[in-house]
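The structure appears below as structure tokens.
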Amino acid sequence: MFAFKLLLSLSLVLAASATPAPVPKNPSFALGNGEAAQDLNASFEKLSQSSKCKAGQNACIDGKFVQCVDGKFTAGVSCGEDLQCVALPLVNSKGTSITCDRVADAKQRIANTGAKGGLTGKKVKRGTPTAPPACKNKGKRSFLELAFGKRIAQSDLGDVAESWQKLCLESGGDIQTNSPCVTLAGINGINSLLANADPCDQQKNADAMVKFAKSKGVKNKDALIANAKAYREHPRNALNIGGITPSTPFCQEEAEEPEIRGLVNKQLDGVDPGIFGGPKFDLVAFGASGTCPFGKKSNVKTCTCE
């Protein structure tokens, strides 16, 4: 039944796609609609398959149409060749719609409202934040007194995944249900360390690792938990964005497993200690939400988390 509803929803958005971009008839709400669509498209860039959602919520993830069911987004449904899921401004009334369209047509429809900056408005709205002076003076290697990794482009992610998978296969536990040895290693394990991952994905995966370690039949519990803790502290990838390589945001939720609580991802050597963000996150200066680990407050005068 749900599959039918999802296909029906997708058929409706497809029916509205690939049509000429109309010029709004009522300029009194046109600009607001255009900017609202840009805000939605910008918010979609921050979503991942593991992002929290509300029942009935529709969204776009990686250009695919998704719906929220039981607090989780469904697997994305492709819009079709040359089309992608986007938010568009309504033409005859206030509001927006989520549909499938050609990117060029979507940009034109938004531009017709008077909104500047394409699909997301980033060229207009998104500037480069200024890091607090203390962060600039503190230097990149001592930031937050966290150890730094050696590379911006990490080459050891495969080794990280393999170390967990090897221990898991030797555990004696249930390695068939949900395929934990592969899922928590080479799939979720690596994906959670990428620059575009949700800030809490890594912590959630570490929690799942510990839960497996405590499950029935596991013989190497201590080794698995030690591996999960090391994984939780592993740096995430950092990418250059407009000439800045920002620090990766911290998770703002408490870990479920006590062994993981208080552990945070380290920052790679070379990232900007005063600027945080990523491919799916706006760049923000130290002091904003996500620039300190859960439970800590930022002190911009000293560029530390207390």
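The values are calculated or read from the model by the stated rules, or taken from the named source; none is laboratory data. Computed from a predicted structure; not experimentally measured. Cβ atoms come from the backbone with ideal geometry, glycine included; neighbour counts cover every protein chain shown.
The table for this structure:
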| read-out | value |
| --- | --- |
| Filtered residue count, the range 221-244, keeping only those that are in contact with a strand residue (DSSP E or B) (Cβ under 9 Å, 6 or more places away or on another chain), within 20 Å of Asp198 (Cβ to Cβ) and not charged (D, E, K, R) | 6 |
| When residues of the range 35-57 are limited to those that are among the small types (Gly, Ala, Ser) and either modelled with pLDDT of 90 or more or in a loop (DSSP other than H, G, I, E, B) (or both), the one surrounded by the most Cβ atoms within 10 Å (Cβ to Cβ) | Ala37 |
| Single residue of Ala255, Ala288 found to be surrounded by fewer than 18 Cβ atoms within 10 Å (Cβ to Cβ) and of a type in the set (A, V, I, L, M) | Ala288 |
| For Gly277: the one exception among (1) in contact with a Pro (Cβ under 8 Å, 6 or more places away or on another chain); (2) buried (at least 22 other Cβ atoms within 10 Å of the Cβ); (3) touching a residue at least 60 places away in the same chain (Cβ under 8 Å) | (3) |
| Filter result for Arg232 (touching a helix residue (DSSP H, G or I) at 6+ places or on another chain (Cβ under 7 Å) and at pLDDT below 95) | no |
| Residue list for the range 216-239, restricted to those being without any contact (Cβ under 8 Å) to a residue 12 or more places away in the chain and within 30 Å of Ala131 (Cα to Cα) | Ala230 |
| Qualifying residue in the range 73-83 (condition: surrounded by fewer than 17 Cβ atoms within 10 Å (Cβ to Cβ), under 23 Å from the mean Cα position of the chain (by Cα) and not basic (Lys, Arg)) | yes |
| Extreme residue, modelled with the highest pLDDT, among residues of the range 111-123 that are more than 25 Å from the chain's Cα centre (by Cα) and surrounded by 17 or more Cβ atoms within 10 Å (Cβ to Cβ) | Thr113 |
| The range 267-289, subset assigned to a loop (DSSP other than H, G, I, E, B) and in contact with a strand residue (DSSP E or B) (Cβ under 6 Å, 6 or more places away or on another chain), residue nearest to Lys136 (Cα to Cα) | Val271 |
| Pairs, first assigned by TED's automatic domain parsing to the domain that holds Leu31 in the range 98-118, second assigned to a strand (DSSP E or B) and among the aromatic types (Phe, Trp, Tyr), C-beta under 7 Å, six or more apart | Cys100/Phe65 |
| Test: residue in the range 221-240 that is assigned by TED's automatic domain parsing to the domain that holds Lys166, part of a loop (DSSP other than H, G, I, E, B), buried (at least 17 other Cβ atoms within 10 Å of the Cβ) and of a type in the set (S, T, N, Q) | yes |
| Residue count for the range 182-194, restricted to those that are surrounded by fewer than 21 Cβ atoms within 10 Å (Cβ to Cβ) and either in contact (Cβ under 8 Å) with a residue 12 or more places away in the chain or not hydroxyl-bearing (Ser, Thr, Tyr) (or both) | 6 |
| Any chance Val86 is part of a strand (DSSP E or B), assigned by TED's automatic domain parsing to the domain that holds Ala37, within 17 Å of the chain's Cα centre (by Cα) and surrounded by 14 or more Cβ atoms within 10 Å (Cβ to Cβ) | no |
